[in-house]
Structure formats: structure tokens, C-alpha cells
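These notes concern the structure reproduced below.
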Amino acid sequence: MPTNTQPIPHSIILGIESSCDDTAAAVWENGKILANITATQKVHEQYGGVVPELASRAHQSHIVPVVSEALKKANRTLSEIDAIAVTQGPGLLGSLQVGYQFAKGVAIGSNIPMIGVNHLQAHIAALFIENPNLPIPMITLLVSGGHTQLVLVNAVDDMQIIGSTIDDAAGEAFDKAAKLLGLGYPGGPLIDTYAKQGNPHAFNFPDSQTEPLDFSFSGIKTSLLYFLRKEINQNSAFIEQEIANICASYQYRIVDILLKRLKKAIAQHKPASIGLAGGVSANSQLRNSFYELGQKFKLPTFIPSFEYCTDNAAMIATAGHYLLNAGITSDIHSTPFSKNNSHNFQTNKP
Ligand code: KG4
Ligand code: ZN
């Protein structure tokens with residue numbers, strides 16, 4: 001049984017995100033985000049990474065309070081919501097299920113459309129929250145904890161992946177390095193902070209051979225591991241003494257790997273603008289280098305505000321709005337998916 005797919009005049013959309021370790025809800029109304037609430041799960045910090053079973057349990061206890069708080073902040077009630085948008089994937093299946101089943105319950109109970117949203121498409125939709133009329137086609141570099149992609153964007157419901165990582169994501173490369181260096185989780189922000197005091201050319205980490213627009217980050221992580229082993233053998237205090245230089249050099253190479261591919265994509269596809277999205281877009285060196293690249297190519301540059309960069313439900317509600325406008329809703333029998341492939345991008349385009 002499909003959810004109500006009648007083209008009702010919709011103006012208020014509730015967004016839900018639960019793909020990893022953040023439980024989030026947001027209210028979108030006529031182009032404005034009225035509330036954007038996120039409950040971050042602290043339980044994973046002691047394990048140095050997300051523990052899937054603990055994540056889905058925490059989502060179960062967070063989801064109702066988080067949705068209630070978002071509605072309260074937006075000064076709206078559930079009965080006023082016209083549609084519900086929810087992350088369908090990719091992500092941890094147990095985590096996705098919590099948000100997805102909750103959304104189904106609301107869609108059935110309130111007889112409103114449900115829109116299953118691709119999490120990656122939503123990270124890119126975040127660029128449209130503050131700039132709904134950004135010049136297209138846009139090439140977006142999407143860099144998160146689980147994904148690294150180059151996406152050619154014509155609209156929220158019309159995107160094409162033109163480059164992907166063949167192994168780890170950029171965020172994983174940051175997080176795994178932080179673990180090797182004995183820093184906390186998530187590692188990206190910590191490496192970013194230490195890197196500010198260091199010399200980016202102190203040590204040399206390698207890029208990998210890939211297809212021109214693809215990425216690979218497993219090589220740089222392994223090279224850091226062997227480098228640290230060798231240096232610690234000679235000086236057990238090496239990490240402590242050189243932490244800033246290690247972080248600066250490692251971060252320098254990750255940013256170089258990312259922007260080299262973005263440059264090639266610009267040369268090939270000649271976009272009207274460039275965007276940066278996903279949690280790693282919080283990285284200060286990446287942001288600076290991205291803006292410089294835009295200036296060099298005379299292209300307008302877009303990065304969402306910080307609260308819309310990391311996992312959030314405002315981007316899900318926004319994507320839901322564009323998809324609903326394009327006539328895309330989800331069947332009540334649809335299910336979440338864990339892995340992304342190009343067929344998972346929601347579109348009506350042939
Ligand atoms: O998009 P996101 O919030 O979650 C996923 O969908 O994965 O991205 C989280 C990732 C983590 O790997 C985290 O280390 C990274 O974003 N990150 C950063 C910074 N802030 C967050 N990486 C580098 N520098 C930062 N300042
Ligand atoms: Zn994400």
C-alpha cells in the first residue's frame with residue numbers, strides 16, 4: 001500500500017535522521033528550518049568508534065524525545081505536519097530501521113506521504129538550505145565519515161556520482177589516524193586542531209594511483225602506521241614530540257588527494273559552481289583550499305553552515321521537500337538499505 005501520494009499542498013515537513021550515531025529531527029516550513037535538533041550518542045567514545053548494536057538501542061531511546069523537542073521548538077504539533085522525510089540509507093541497518101519504522105508509523109497514523117531519503121543526496125541538499133538558487137550544474141565534493149564522492153548536481157532530484165572512493169572514506173582516514181596517534185574519537189576535529197601548530201611539509205605521505213576521479217585512502221593510513229612503527233622504534237616519545245607535524249603533514253596530503261580530483265572534475269565537466277558537503281567539510285585546511293580553488297577557477301563556492309555539514313535532519317527535511325515536489329514518495333512497504341550505489345539516488349529522471 002503506497003502512502004498518500006496525492007499532490008497535497010504541503011508546507012510543513014518533519015525530517016528524521018538515524019543512519020549512524022546521531023538521532024536527529026528537524027522541521028522545515030516553506031523554505032525555512034524552524035528546528036534542527038540532534039542527540040549525539042556519547043556511548044561510543046570509550047570504544048574509539050561506533051558500536052552498531054549500542055547505536056540502534058540509543059536511537060530507540062532518543063527518537064521520541066528528539067522529535068518532540070523539534071516540534072516544540074518549531075511551535076508545531078504532529079497533526080500539522082504535511083509529510084515526513086526519513087533517511088533510508090546508506091548507513092547502519094539497525095540504526096536506520098529505528099528512524100524508518102518510526103516514520104512509517106507517523107505516515108500511517110497521520111495519513112501523510114513518507115519520503116525515504118538517500119543520506120548522501122541529503123548532505124548535498126544541505127547546500128540548498130541557505131542557497132536555493134545556487135548556479136547549476138554544480139560539482140560537489142562530498143566528504144563524510146562513511147563516504148567520499150564527486151557528484152554532478154543538476155537538482156536535488158537529479159544527481160550523478162562521477163567519482164568515488166575505492167576503499168576508505170576521507171573521514172575514516174582522519175578517524176583511523178587519530179586512533180593510531182592515541183587521540184580521541186572522532187579524530188577529524190582533533191587532527192585539524194593539532195595541524196594548526198605543525199609544518200605540513202615535515203613528513204611526506206603518499207597519494208594512491210586511482211582512476212582520475214576516484215579516491216583511495218587505505219594507502220595513506222597504512223603508510224602512517226609503518227612510519228610511526230619505524231620512528232617509535234628509534235624514539236619512544238616520537239608521537240608526543242611530533243604530534244603537530246604529523247597531523248599537519250597527514251592532513252595536507254588528504255586535502256591534496258581530495259582537491260586534485262576535484263580539479264580534474266572541474267576541467268572535465270565545466271560546472272557553474274562547486275560545493276563542499278559532509279562532516280569533513282568542517283576541516284579548516286580543506287575549507288581554505290576549497291575557497292582558493294574556486295577563486296582560481298572563477299567559480300562560486302558553497303559550503304553549508306556547520307550545523308548542516310555534519311549529520312542532521314534539516315538536510316533530510318530539505319531533500320524531502322525537493323523530492324516531494326518532484327513527485328517522489330516512498331511505499332509504506334519500502335525498507336532501508338545499508339550500502340549506496342548509483343541506483344539508490346532518488347530521481348524521476350530517466
Ligand atoms: O557527515 P558526518 O557527520 O557523518 C557521516 O555521515 O559519516 O561526518 C563525520 C566525519 C568523521 O569522520 C569526523 O572525523 C569528520 O567528519 N570530521 C572532520 C572534522 N570534523 C568532522 N574531519 C576533519 N576535520 C574536521 N575538522
Ligand atoms: Zn553523513
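Specify the residue that is farthest from GLY99 (Cα to Cα); the eligible residues are those in the stretch 10-21 that are at pLDDT below 95 and not polar (S, T, N, Q). Once the filter is applied, the top-ranked residue is HIS10.
Tell me whether the stretch 312-323 contains one or more residues that are surrounded by fewer than 24 Cβ atoms within 10 Å (Cβ to Cβ), touching a strand residue (DSSP E or B) at 6+ places or on another chain (Cβ under 6 Å) and of a type in the set (Ser, Thr, Tyr). No; the residues of the stretch 312-323 include none that is surrounded by fewer than 24 Cβ atoms within 10 Å (Cβ to Cβ), touching a strand residue (DSSP E or B) at 6+ places or on another chain (Cβ under 6 Å) and of a type in the set (Ser, Thr, Tyr).
The combined condition, being surrounded by fewer than 23 Cβ atoms within 10 Å (Cβ to Cβ), among the aromatic types (Phe, Trp, Tyr) and within 22 Å of the chain's Cα centre (by Cα), is not fulfilled by TYR194. Checked against the criterion of being in contact (Cβ under 8 Å) with a residue 12 or more places away in the chain, touching a Phe, Trp or Tyr at 6+ places or on another chain (Cβ under 7 Å) and either within 30 Å of VAL51 (Cβ to Cβ) or of a type outside the set (Phe, Trp, Tyr) (or both), the candidates GLY188, GLY171, GLY198, GLY184 yield just one match: GLY188. Residues in the stretch 135-151 that are in a loop (DSSP other than H, G, I, E, B) and within 13 Å of ligand 1 (Cβ to nearest atom) were compared, and the one that is nearest to the chain's Cα centre (by Cα) is SER144. Listed by position, the helices (runs of 4 or more DSSP H) enclosed by the stretch 242-338 that each have at least 3 residues that are within 16 Å of ligand 2 (Cβ to nearest atom) and on the phi < 0 side of the Ramachandran plot are 306-309, 314-325. Residue pairs whose Cβ atoms lie under 8 Å apart, separated by 6 or more positions or on different chains, with the first residue in the stretch 125-136 and of a type in the set (D, E, K, R) and the second not in a helix (DSSP H, G or I), are GLU130/PRO304; GLU130/SER305. ALA248 satisfies every condition listed in (1) at pLDDT 95 or above; (2) away from ligand 1 (no atom under 16 Å from the Cβ) except (2).
Residues that are at pLDDT below 95 and within 16 Å of ligand 2 (Cβ to nearest atom) are absent from the stretch 191-210 altogether.
Every condition in (1) touching a helix residue (DSSP H, G or I) at 6+ places or on another chain (Cβ under 8 Å); (2) among the small types (Gly, Ala, Ser); (3) under 15 Å from THR165 (Cα atoms) holds for ALA202 except the one numbered (3).
Within the stretch 59-71, residues that are touching a residue at least 24 places away in the same chain (Cβ under 8 Å) sit with their Cβ atoms under 7 Å from residues that are part of a helix (DSSP H, G or I), at 6+ positions apart or across chains, in these pairs: HIS59/SER95; HIS59/VAL98; HIS59/GLY99; GLN60/VAL98; ILE63/VAL98; ILE63/GLY99; ILE63/PHE102; LEU71/LEU78.
Within the stretch 262-292, track down each residue that is more than 13 Å from ligand 1 (Cβ to nearest atom) and farther than 17 Å from PRO137 by Cα. The answer is TYR291, GLU292. Taken together, LEU92, LEU34, LEU54 contain a single residue that is of a type in the set (A, V, I, L, M, F, W, C) and in contact with a Ser or Thr (Cβ under 8 Å, 6 or more places away or on another chain), which is LEU92. When ILE166, ILE161 are checked against the criterion of being surrounded by fewer than 22 Cβ atoms within 10 Å (Cβ to Cβ), touching a residue at least 24 places away in the same chain (Cβ under 8 Å), within 16 Å of ligand 2 (Cβ to nearest atom) and not charged (D, E, K, R), ILE161 stands alone in meeting it. Among the candidates ALA35, ALA24, ALA58, the residue that is modelled with pLDDT of 75 or more and touching a Lys or Arg at 6+ places or on another chain (Cβ under 6 Å) is uniquely ALA35. Apart from one condition, GLY105 fits all of (1) in contact (Cβ under 8 Å) with a residue 40 or more places away in the chain; (2) surrounded by fewer than 18 Cβ atoms within 10 Å (Cβ to Cβ); the exception is (1). Can you find a residue in the stretch 224-244 that is touching a residue at least 60 places away in the same chain (Cβ under 8 Å) and closer than 22 Å to TYR185 by Cα? Looking through the stretch 224-244, at least one residue is touching a residue at least 60 places away in the same chain (Cβ under 8 Å) and closer than 22 Å to TYR185 by Cα.
The values are calculated or read from the model by the stated rules, or taken from the named source; none is laboratory data. Fair warning: this is a prediction, and the values are worked out from it, not measured in the lab. Cβ sites come from the backbone with ideal geometry, for glycine too, and all protein chains shown count toward neighbours.
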